[in-house]
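J.: I'd like to ask some things about the structure below.
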Amino acid sequence: MAFGINQILMNEFFGDVLDLNFINAITDELKYKTKSSKRTQASLGHVQIMLKEYMLSDFKQHFRMNRTTFQILLKEVALEREQTKDIDLESQLLFTLWILGNQESLEVVANRFSIEKKWGQFVFEQCIQILSKLMPKYVKWQTEEEQALTADIFEFKSRGIVGVTGVIDCCHIPIRRPLENSFDYYNVMNYHSVILQGVCDSAGKFMDVFIGMPGSINDATVFRNSPLCMKKDRRLVGDVAYPLSTNLLTPYAKKDVTQFKAAHEIYNKRLNVLHSIIVRALGLLVSRFRRLQYLDVKTPKAANYIISACCMLHNFIQINEDTAEEDDIDEEAVSKIFMPPNNFVDNQICAEDAYEQRNFIKNRLNQSV
């Protein structure tokens with residue numbers, strides 16, 4: 001990602017500006033106050049009631065993971081958060097997960113947890129920083145052995161497309177209209193957004209994310225500006241919005257499915273089986289963390305941090321739990337985050353060897369039918 005975790009500004013989240021005196025007061029409280037604090041006691045009491053009374057399904061519904069996974073995450077976050085051992089980190093992390101998993105306002109969630117709104121804002125920002133910092137640990141490219149296994153799974157799923165190590169696509173995360181360069185963030189679907197480019201494996205776990213390009217940019221340009229574009233040792237599968245290359249397989253455009261219609265259609269259908277995995281992964285991300293369906297934050301930079309935290313949590317849940325069922329996908333929300341089909345690139349404009357490679361795969365798939 002093209003932003004530094006430690007460069008976050010306190011007043012970039014939500015709409016409130018935290019004055020310096022309040023920040024200093026909160027910082028002192030984090031350092032020196034203990035659990036005897038009335039605020040902490042009220043929050044802790046409310047959280048303990050929730051933990052005891054919620055059924056397992058209720059807990060996962062609100063916090064987007066089961067209790068066992070949450071306890072593992074709590075230990076992980078505790079290792080990153082120094083000088084706060086005397087503060088109820090469990091309540092702070094649950095508060096943050098509730099915000100990410102629901103679309104309630106900060107004020108409503110703060111009331112749920114019996115804390116002040118500004119205190120809640122501070123807690124959320126601190127937790128988001130930690131989760132963002134943890135992202136490279138959980139969103140990373142596979143080892144050679146893992147890539148070989150992934151390629152085998154992709155070959156099986158596609159019934160013959162060999163050597164694929166990942167599937168790629170972009171989605172748009174809606175944001176409030178930025179105060180600066182707002183036109184750049186206004187996309188063809190008529191809302192402001194930042195772009196999340198994701199690459200996932202056969203299980204829908206992200207291996208690479210590129211976050212923060214303005215919503216007016218198309219998928220092909222996002223890819224060309226991402227570090228992933230230079231990774232020639234990886235074969236990806238994308239849709240027709242991406243440029244065909246030796247390391248990125250794309251479908252035949254409709255205008256190409258003419259003379260050899262049957263062969264082209266077989267290739268396209270097999271490729272779409274693989275591409276649907278990243279579509280589902282991105283759809284699950286915005287369905288699981290409903291806050292991503294609209295980020296009401298002051299700057300795109302703040303949105304980048306929240307998106308990176310959600311990508312980290314997505315993989316953390318994928319690693320520690322069974323994958324979600326199809327019913328967990330919010331189809332209406334998903335339909336709003338993908339670019340409409342009029343944003344396609346011309347796949348004919350590519351290196352000759354890339355075009356020949358695709359034709360070779362198409363012919364081999366057709367022979368196996």
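The values are calculated or read from the model by the stated rules, or taken from the named source; none is laboratory data. Since this is a predicted model, take the numbers as computed values, not measurements. So basically every Cβ, Gly included, is an ideal-geometry build from the backbone, and we count neighbours across all protein chains shown. Just so you know, the surface numbers come from the protein's heavy atoms only, side chains and all, with ligands and any DNA or RNA stripped out. Shrake-Rupley method; radii C 1.70, N 1.55, O 1.52, S 1.80 Å.
J.: With Ile211, Ile278 as the choices, which residue is crowded, with 19+ Cβ neighbours inside 10 Å, at pLDDT 95 or above and in contact with an Asp or Glu (Cβ under 9 Å, 6 or more places away or on another chain)?
T.: Going through Ile211, Ile278 in turn, the sole match is Ile278.
J.: Condition first: aliphatic (A, V, I, L, M) and within 12 Å of Leu282 (Cα to Cα). Now tell me which residues in region 189-220 satisfy that.
T.: Hits for region 189-220 are Ile195, Leu196, Val199, Val209.
J.: Checking Phe156 against (1) buried (at least 16 other Cβ atoms within 10 Å of the Cβ); (2) assigned by the TED database to the domain that holds Gln318, only one condition comes out false. Which one?
T.: Exception for Phe156: condition (1).
J.: Among the residues of region 289-325 satisfying the criterion of being under 22 Å from Thr68 (Cβ atoms) and of a type in the set (Val, Ile, Thr), which is most open to solvent (accessible area, probe 1.4 Å)?
T.: Restricting to residues being under 22 Å from Thr68 (Cβ atoms) and of a type in the set (Val, Ile, Thr), the top hit is Ile319.
J.: If I filter region 152-166 for residues that are under 26 Å from Glu76 (Cβ atoms) and in contact (Cβ under 8 Å) with a residue 40 or more places away in the chain, do I get at least one hit?
T.: yes
J.: For region 137-152, state whether one or more residues are in contact with a helix residue (DSSP H, G or I) (Cβ under 7 Å, 6 or more places away or on another chain), open to solvent by less than 20 Å² (accessible area, probe 1.4 Å) and closer than 25 Å to Asn247 by Cα.
T.: yes
J.: Then there is this: Being among the β-branched types (Val, Ile, Thr) and in contact with a helix residue (DSSP H, G or I) (Cβ under 7 Å, 6 or more places away or on another chain) is the filter; apply it to region 200-233 and report the residue that is nearest to Ala303 (Cα to Cα).
T.: My answer is Ile211.
J.: Can you tell me which residues in region 195-232 are outside any helix (DSSP H, G or I) and more than 25 Å from Pro178 (Cβ to Cβ)?
T.: Val199, Cys200, Asp201, Ser202, Ala203, Gly204, Lys205, Phe206, Met207, Asp208, Lys231, Lys232
J.: Tell me whether region 92-109 contains one or more residues that are over 21 Å from the mean Cα position of the chain (by Cα) and at pLDDT below 90.
T.: No; the residues of region 92-109 include none that is over 21 Å from the mean Cα position of the chain (by Cα) and at pLDDT below 90.
J.: Say whether the condition of being under 25 Å from Arg159 (Cβ atoms), modelled with pLDDT of 85 or more and not in a helix (DSSP H, G or I) is met by at least one residue in region 347-360.
T.: Looking through region 347-360, none of the residues is under 25 Å from Arg159 (Cβ atoms), modelled with pLDDT of 85 or more and not in a helix (DSSP H, G or I).
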